[in-house]
Amino acid sequence: MPASGDAYAGAAAAELTPYYQPFADAGLVIRPRPWDSAGDLAGDLWPGDAAATLALFAWGYHTQVDRWLAMLRDWPAGSPLLNPPDLLLWNTRKTYLAELAAKGIAIVPSLFCDADSATISAAFDHFGVQLLVIKPQISAGSYQTQRISREMTPDFLPQDFLANAIIQPFVASVGDEGELSIFFIGGTFSHAARKVAQQGEFRVQPQFGGVFTPLMPGAEIMAVAQAVIAALPTAPLYARVDLLRLADGSLALIELEAIEPDLYPGIDPAVPARLAAAVVAAINNP
């Protein structure tokens, strides 16, 4: 279920390539369909003519939030969406981090508020840091994500005011140990990756120079990641748990991605077959 538009459609075609044959081997045919071209879900053949719909490449939802939320709320009963609509709704706004923290999950310290001059100034003091990261509560791919220092604050506002934001301390480990991504498919651990931001950068995505390498997670990392999965309101077919090491040496959740994570088949070529098996199991055991 990729988004429409030339940029997204082209990227989705490339990303889907490793999945076609493993899905065919599992008896499944992949038919890409842009999520934002769903039409009237009550009357449209899609998704009713599919055994299941994968939201795996539902890119661009953060720029069409109302349309995305309406589609999920109107998703027809009896037509499996993977991951389920209720989980995707919950995962859309990053205030889910506060809900997980209330369940005992360690998260990167976060304030959920409007990013105005008063809250930003207070956040520096609240966290006791010189650098903050500010991002929208609904975002993907570091969209509108910024790192600011105390010295930048007068120049940052008011022109860059951001409503419904998350304000977090900058976590320096993103540039050395990196962001640790633990993937679960079909309810079990699948594979893991280390994503390190390039020098001087704080974003780990490839378009910002981030470097991805395979990771063999130890017991500490697995314990935290499994606790996150266990705390989710709905069991996911697939999910990515992103962890960062805080200054005190502990691991904390920076993001749980259940909507459109790149599963990094380049890190583990067995991922597409693993996902296909999980989809078949979900179809056969709704």
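The values are calculated or read from the model by the stated rules, or taken from the named source; none is laboratory data. Quick caveat: nothing in here was measured; it's all calculated off a predicted structure. Cβ coordinates were reconstructed from backbone atoms using ideal geometry, including for glycine residues, and neighbour counts include every protein chain displayed. When the accessible area is computed, the model is the full protein with side chains, heavy atoms only, and any ligands, DNA or RNA have been set aside. Shrake-Rupley method; radii C 1.70, N 1.55, O 1.52, S 1.80 Å.
Which of the numbered conditions does V280 fail, given that it passes all the others? Conditions: (1) closer than 27 Å to D49 by Cβ; (2) not in a helix (DSSP H, G or I). All conditions are met except number (2).
If you check A278 against the conditions, is it touching a Gly at 6+ places or on another chain (Cβ under 6 Å), hydrophobic (A, V, I, L, M, F, W, C) and over 24 Å from G141 (Cα atoms)?
Criteria met by A278.
In the range 183-197, which residue that is in contact with a helix residue (DSSP H, G or I) (Cβ under 7 Å, 6 or more places away or on another chain) and assigned to a loop (DSSP other than H, G, I, E, B) is least open to solvent (accessible area, probe 1.4 Å)? Per the stated criteria, the residue is A197.
Among the residues of the range 72-85, is any under 20 Å from I166 (Cβ atoms), surrounded by fewer than 20 Cβ atoms within 10 Å (Cβ to Cβ) and of a type in the set (A, V, I, L, M)? No: the range 72-85 contains no residue that is under 20 Å from I166 (Cβ atoms), surrounded by fewer than 20 Cβ atoms within 10 Å (Cβ to Cβ) and of a type in the set (A, V, I, L, M).
From the list A26, A58, A52, A3, which one is touching a helix residue (DSSP H, G or I) at 6+ places or on another chain (Cβ under 7 Å), open to solvent by less than 60 Å² (accessible area, probe 1.4 Å) and modelled with pLDDT under 65? Every option except A3 fails the conditions. Total residues in the range 224-245 satisfying the condition of being touching a Pro at 6+ places or on another chain (Cβ under 8 Å) and surrounded by fewer than 16 Cβ atoms within 10 Å (Cβ to Cβ): the figure is 1.
Would it be correct to say that V271 is among the β-branched types (V, I, T) and either crowded, with 21+ Cβ neighbours inside 10 Å or at positive phi (or both)? It is true that V271 is among the β-branched types (V, I, T) and either crowded, with 21+ Cβ neighbours inside 10 Å or at positive phi (or both). Listed here are the strands (runs of 3 or more DSSP E) enclosed by the range 200-267 that have at least 1 residues being under 15 Å from the mean Cα position of the chain (by Cα) and modelled with pLDDT of 95 or more: 238-245, 251-257.
Could we say that A172 is of a type in the set (A, V, I, L, M) and open to solvent by 60 Å² or more (accessible area, probe 1.4 Å) here? Judged against the criteria, A172 is a match.
Among helices (runs of 4 or more DSSP H) entirely within the range 40-145, having at least 3 residues that are more than 26 Å from A13 (Cβ to Cβ) singles out 65-73, 85-92, 96-102, 117-127. Among all residues of the range 206-220, there is none that is in contact with a helix residue (DSSP H, G or I) (Cβ under 6 Å, 6 or more places away or on another chain), closer than 30 Å to P84 by Cα and either open to solvent by 60 Å² or more (accessible area, probe 1.4 Å) or charged (D, E, K, R) (or both). Of L132, L180, L111, L89, which residue is surrounded by fewer than 20 Cβ atoms within 10 Å (Cβ to Cβ), touching a Lys or Arg at 6+ places or on another chain (Cβ under 8 Å) and modelled with pLDDT of 90 or more? The unique qualifying residue is L89.
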